[in-house]
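Read the structure below first, then the notes.
Bear in mind that the values in this text are calculations on the coordinates, not laboratory data. Keep in mind that this is a model prediction, so the values were computed, not measured. Every residue, glycine among them, receives a Cβ derived from its backbone with ideal geometry; neighbour counts consider all protein chains shown.
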Amino acid sequence: MRVGVVGCGFMGRQHALAYVEVARRLQRVRPDAVPTLVAVCDRDPARASAVAAEAGAVAYTDLDAMLAAERLDLVDVVTPDFAHRAPTITALAAGCHVFVEKPIAQTTADAAAMIEAATLAGRALAVNFNRRFARPYALAREYQRQGRLGRLLYALFRVAVPASRAVSTPYELVYDSLIHLLDLARWYGGEVAQVSCALDGLAEGLHGKAYHDAAITLRFAEGGVATVTGSWHGSRLHGIEYAEIQGAGGRVRIDNVVSRFTFEPNDDALAAVWEPRPFGEATRLLQFYPTTVEEHLAALLPALVDRQPVPVSGVDGLAALRLVLAAIQSFEAGRPVAPHEIA
């Protein structure tokens, strides 16, 4: 798999280095799916050159030139959220699969155009909701599929981090941080029938004002509810994220994305606990949550080789985007909004 990364900012660099690490891992178990990062692209020559040197790739400043020269199988799009559509469609038209950072786009029109382009090209479009690949969240899904958790009754997802992201919209918190949690809520609870949202803390951020505090409630079509809360008033000196998923058979608690999984069955006083092992390579992979990108790639690349459905599709990306847009519309209109109302 010959790979090119478009966008060499903070997350672009993380993606580029993830391919280097995943290549080592897959060499042992799926040598036919080992990725080779051959090129990176960014409009800023200095950024492109820096990431290329670190990852052992060729630097480009023009996507068309990179596609013409490198015969890529997969293009990883890590441009700003509002700039995902053009490079995605260009790469798909060139015959490449595409792995795009979340959110898939900032508008449903852009997302739908990207999905249509993938269908027309006969190529895969995958979206990086890497929270699904953190071991505690994946364990919760396994317990749910095994029937140990039971029918979902309620879920709580909470994140609090410092404001550190450049603002392109007043709703940056929802697009950037909370979309991860909205995707997780849909993953566990199924399709969402109704969304309500309250926002507060409108304050100056990088390049513009944005809301710094949010509370979103969801009602699922098949029953059950969820609450997603987020803040840019948090501190990385303490845990940034917490989840609680209550089913008819018990409750799961997840601490700080990758730190701890606890299952408390309703019919037993003994709880099942998972934590990262204290020694070995697995500790690095399981404790530092950005490496969940590696976990996602380790599942995505074999699926592409085997021509199987990707773990998180463009359709999943559009569904999560609709939840974001429904939350924003709910706040602006002062009423609950159904995701299917979002054009």
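For THR229, what charge total do you get from the other residues with a beta carbon under 13 Å from its beta carbon, if Lys and Arg give +1 and Asp and Glu give -1?
Cβ neighbours under 13 Å give a net charge of -3.
What residues qualify as long-range amide H neighbours of GLY249, i.e. H under 5 Å apart, gap of 5 or more or another chain, H built at 1.01 Å from N?
Amide H neighbours of GLY249: GLY150, ARG151.
Relative to the longest principal axis of the C-alpha atoms of the chain, give the angle of the C-alpha long axis of helix 179-189, reported between 0 and 90° and rounded to the nearest 10°.
Helix 179-189 sits at roughly 60 degrees to that axis.
Among THR119, THR90, THR291, which comes first, then next, by fewest other beta-carbon atoms within 10 Å?
THR119, THR90, THR291
Please check: in the Gaussian network model of the chain (C-alpha springs, under 10 Å), which one of ALA126, ALA303, ALA226 has the largest mean-square fluctuation.
With Cα springs under 10 Å in the chain, the top fluctuation among ALA126, ALA303, ALA226 is at ALA303.
Which whole-number percent is the relative contact order of the chain (Cα, under 8 Å, 6+ apart)?
Once normalised by length, the contact order is 18 percent.
Of all DSSP beta bridges located in the chain, what percent are antiparallel, nearest 5?
Antiparallel bridges make up about 60 percent of those DSSP assigns within the chain.
Pull out a ≥ b ≥ c, the square roots of the eigenvalues of the alpha-carbon gyration tensor of the stretch 90-242, then state rounded if a/c is under 1.5, prolate if not and a/b is larger than b/c, and oblate in the remaining case.
Oblate is the answer for the stretch 90-242, as a/c is 1.5 or above yet b/c matches or exceeds a/b.
On average over all directions, what projected area in square nanometres does the chain have, based on the convex hull of its Cα atoms?
Answer in nm², one decimal: 17.5.
First select every other residue whose beta carbon is under 15 angstrom from the beta carbon of ALA46; then total the charges, Lys and Arg +1, Asp and Glu -1.
0
Determine, at each q value in 0.11, 0.12, 0.17 (inverse angstroms), the log₁₀ of I(q)/I(0) that the Debye formula gives when each Cα of the stretch 2-128 is one equal point scatterer.
Result of the Debye calculation: -0.34, -0.40, -0.81.
Hey, what number do you get for the chain at 222 nm if only DSSP H runs of n ≥ 4 count, each worth -39500 (n - 2.57), divided across all residues, to the nearest 500?
Using -39500 (n - 2.57) per qualifying helix, the result is -11500 deg cm²/dmol.
Taking a ≥ b ≥ c as the square roots of the eigenvalues of the Cα gyration tensor of the stretch 1-72, is the shape rounded (a/c under 1.5), prolate (a/b larger than b/c) or oblate?
Oblate.
Sum up the charges of everything whose Cβ sits under 11 Å from the Cβ of CYS96, counting Lys and Arg as +1 and Asp and Glu as -1, but leave CYS96 out.
0
What are the radius of gyration and Dmax of the stretch 155-287, computed over its Cα atoms and given in Å?
16.6, 52
Could you list TRP232, TRP187, TRP274 in order of exposure, starting from the residue whose Cβ has the fewest other Cβ atoms within 10 Å?
TRP274, TRP187, TRP232
Using the Karplus equation 6.51 cos²θ - 1.76 cosθ + 1.60 (θ = phi - 60°), what ³J(HN,Hα) coupling, rounded to whole Hz, does each residue of the stretch 312-325 give in order, writing x for Gly and Pro?
10, 8, x, 5, 4, x, 5, 4, 5, 4, 4, 5, 4, 5
When a footprinting reagent is the concern and you count Cβ atoms within 10 Å, what order do VAL6, VAL167, VAL252 take, fewest first?
Lowest count first: VAL167, VAL252, VAL6.
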